[in-house]
Structures are given as C-alpha cells and as structure tokens.
Amino acid sequence: MVNKPKLLLITYYWPPAGGAGVQRWLKMSRYLAKHFEISVFSPENADYPITDESLNQEIPENILNLQNKIWEPYAWAEKLSPKSQNFKKGNLKSKEKKSLTANFLLWIRANYFIPDARMFWIPSSVKFLKKYLEKNTFDAVISTGPPHSTHLIALALKKSYPNLVWLADFRDPWTQIDYFEQLPFTSKSIKKHQKLENEVLKKADIVTSVSPSWAKGLENLGAEKVEVVYNGFDEEDFSIKFPKPLKISLPEITYMGSLNNDRNPNFLWESLDDFLAKNPAKAFKLKFIGNIAEETKQKILSLKKLKEKTVFLDYMPHEQVIEHLHRATILLLLMNDTPNIQGIVPGKFFEYLAAERPILAIGKQQTDLDLILKQTQSGEMINFGDAMGVKNFLEKYLNSTIPFKPFKHNFTRASAAQRIQYLIEKSL
C-alpha cells in the first residue's frame, strides 16, 4: 500500500468555531482525507465570535488534531469597552459615535496588532510546530486566512523547511479587504502589512483565492499565479430528508448569516415595505437567521408593514439552517458596497444555490457573483438602489409555480477539494 502524502492545515477557525470561516476547510477536509494524511493545527482556547458544537461531528475520524494555546486581546479590550466586541465580529462601520476608549483601542488594533489580533499566536505556534517536525514530517502545509497570522506561521516553517510545499489560501483579501481602509493606520503600519503580504505571496508555492477578481488582485500585489478555488456546497448536507415541514402560511424571504452595518441596504427594506403596502394579497414573511446589526433591526422595525412580517432568529446549528433554506421561497443575498465588491462571492451563495430557491442578490451587476448567478441561472443581481428591480423580482418569483432548477453541479465541495488535491500533488 502506497503511503499517502502528509498534509498540515494551519487554521484559526476549526470546530467548535461556527460561522462562515470554518466551513471551507472543514468541508473539504472530508474529501482530502481520502488522499492525504491530514493534521489540523488550530488554537486550543480561541475566543470565537460564534461557536457550533455540532460541527465537531463533521471532522473526519482519521484527522489528527494539533493545538496550541492562544492569547486573545479582544477579551481584554471588551472589558475596557464593550463595543469593542464589534471589532471581533468585523463590524467596524457604525453611525453610532465611538467613545474615546473605543477609538483608542481601534487605533491600537490597527497599528500594533499586525497582521491581526491573532499575532500573539505566531511565535509559540512556530516553536510548537518546529518541535513537532523534529520527530514528524509533512509533505505540504496549507495556511488559510483570515486571520492572516496563519500565513506568517506557515512562512516561518517554509523558511526552515524549504522543501515543504506551501499553499496559502486567501478566503478574503489582506490589504484589499473591504474594511482595511476603515482602520486608522499610520503609513508605517500600512508598509508593514504590504511587506508581509508580499513576502507570503512570493514565498508560497501555491496561492489560492475564492474568486477571479480577488485572484487577479493578489497577482497584482506580487503573486506569480493565483488559482481560483470556489467555496462550493457539500452535496451530503443537502441530501438530508427533513421531517414534513410545518405548514407555511406565507411565502418566506430568508437571509442566512451575519449582517453588519456596512451591508445594510436601507432602500431594500423600504422597497419591501412599499411592496407589502401596495400588494396586500402578495404578503410574505422576512426571516433573518444569525447575528444582525442593531441599526439594521431598528430600520426594519421602523417600517410599519415590514416590521409586522419580520422574524429575527439567532444563530443555529448548520443542519437547522439548511432546513430553513429548504422552506424558503426566496433567498436574500446582500453584498458590501465596497471597492473590492468585484470579487466578493460569499460562501453562503453556494448553500443558497444547493437549496434550489431563487436568489435575490443586492449588489452590482457585472461582478464575479453576477456572472455566476447568470451562469447557474440561480437568481438575479439587483443594483444598489434599484427599487423597481426588487419589485419586478418579487412579482416574478413570490408566487411562481414554475419549477426552479439552477445549474449547480460544478460548485461542490468535492470538486473544490479535487482542485486542491491536484494543485498540491502537482507541486510535490
């Protein structure tokens, strides 16, 4: 029997972490474990914004779990300023005026925590892994960010073990991420970020990202070639036979996941409220599942008709979320109106795609996501501010009896893992 190549995955997000950050590599690991001996290195005592204990059951049995303790400064910052919890959740843009303490902590976070607040995990992790490698070997290492501190751990290993094939995976950009320009960086801090980012891009044997535009952006920053590996959906998740669903009295427009202030389209809520007021016979329920920014809630609750039809549900285990997706009539996908919108393809899009419900996406046309929506015939992209486009979409899909079957088969977790396998084996 031929020995499988040994693979080390360095990730901050791993069960019991919940939310979007954990899904990509947790799901692909099940398929990769058929071809590699996988060890996963993750923090032992991470302060995750969201936890989901049910995801522990999805870790393949033959994966070795390596852990090292991490010191998380966010816990300390939240004691000084409770609103600092927003930083941990990535919610940096708010109309609410920040206190002097919050502004000071944000400045500290920007200029002293480079590349991010998990930087304190780097030295001890490098020491831990180098000691482990004295008695064990790996053929390849994968680092996935954010947080991009994971890439700096892998960079240190690459310098000590140059024959180790290194794949640096960017689930989100680094200096080109949407909130980078919101942070109060000094010019010195910006140069440090750029220097570290460039070193990672040049030293890694393989660089991957989740969309063509983001891949092109990383190439412009110094990577020789960036491979696109879409997130995808896990077919097994959507083969579950749910009990007979509860009777739905109204069509449901469902949004899954966190919703920060910088992704809050007020025109959409006003458009939905206006539609309900003018079309009482075409009423619907608006359902949110996950952490929703308070400003967004307040806007919706200020609208007379819409507030009566809106339900806010807390974060729930992944399997339960999928049941809600299957019960939905329309699935709502909201984009950030930021300079890097061209390459944003949210991971939840692929779950929506698998659920086979029309997707109402609010963003910009001619972006990577818009092109995939057209390719899969899974929904429509409505430009920011296009109230008439929203109305036309609702008229078309709310009470439609036409079977909805998008072209989804090229976007599975299995095909994504197969691409990763090919890239690594080609480099070994």
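The values are calculated or read from the model by the stated rules, or taken from the named source; none is laboratory data. Computed from a predicted model, the values in this text were never measured in an experiment. Neighbour counts are summed over all protein chains in view; Cβ atoms, including those assigned to glycine, are modelled from backbone coordinates with ideal geometry. Remember, those area values only see protein heavy atoms, side chains included, never the ligands or the DNA or RNA. Shrake-Rupley method; radii C 1.70, N 1.55, O 1.52, S 1.80 Å.
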query = Out of all the residues in the range 262-281, is one or more farther than 20 Å from Ile359 by Cβ, free of Cβ contacts under 8 Å to residues at least 60 places away in the same chain, in contact with an Asp or Glu (Cβ under 6 Å, 6 or more places away or on another chain) and open to solvent by 10 Å² or more (accessible area, probe 1.4 Å)?
reply = no
query = Which helices (runs of 4 or more DSSP H) sit wholly inside the range 321-428 and have at least 2 residues that are over 30 Å from Leu32 (Cβ atoms) and either open to solvent by less than 10 Å² (accessible area, probe 1.4 Å) or free of Cβ contacts under 8 Å to residues at least 12 places away in the same chain (or both)?
reply = 368-376, 387-397
note = Out of (1) touching a helix residue (DSSP H, G or I) at 6+ places or on another chain (Cβ under 9 Å); (2) open to solvent by less than 50 Å² (accessible area, probe 1.4 Å), the one Glu219 does not meet is (2)
request  = Only residues in the range 193-216 that are without any contact (Cβ under 8 Å) to a residue 40 or more places away in the chain and within 17 Å of Pro147 (Cα to Cα) count as the first member; pair them with residues that are open to solvent by less than 10 Å² (accessible area, probe 1.4 Å) and not in a strand (DSSP E or B), Cβ under 8 angstrom, at least 6 apart or cross-chain, and list the lot.
outcome  = Leu201/Leu218; Leu201/Ala223
query = For the subset of the range 2-60 comprising residues that are among the small types (Gly, Ala, Ser) and in a loop (DSSP other than H, G, I, E, B), which member is nearest to Tyr161 (Cα to Cα)?
reply = Ala33
Residue among Glu308, Glu294 that is surrounded by fewer than 15 Cβ atoms within 10 Å (Cβ to Cβ) and under 22 Å from Leu398 (Cβ atoms) = Glu308
request  = Confirm whether Ile253 is under 27 Å from Ala293 (Cα atoms) and among the hydrophobic types (A, V, I, L, M, F, W, C).
outcome  = yes
Residue list for the range 142-175, filter: touching a Leu at 6+ places or on another chain (Cβ under 9 Å), surrounded by fewer than 20 Cβ atoms within 10 Å (Cβ to Cβ) and part of a loop (DSSP other than H, G, I, E, B) = Tyr161, Leu164, Thr175
query = Hey, among the residues in the range 45-64 that are among the hydrophobic types (A, V, I, L, M, F, W, C) and over 17 Å from Ile322 (Cβ atoms), which one's surrounded by the fewest Cβ atoms within 10 Å (Cβ to Cβ)?
reply = Leu64
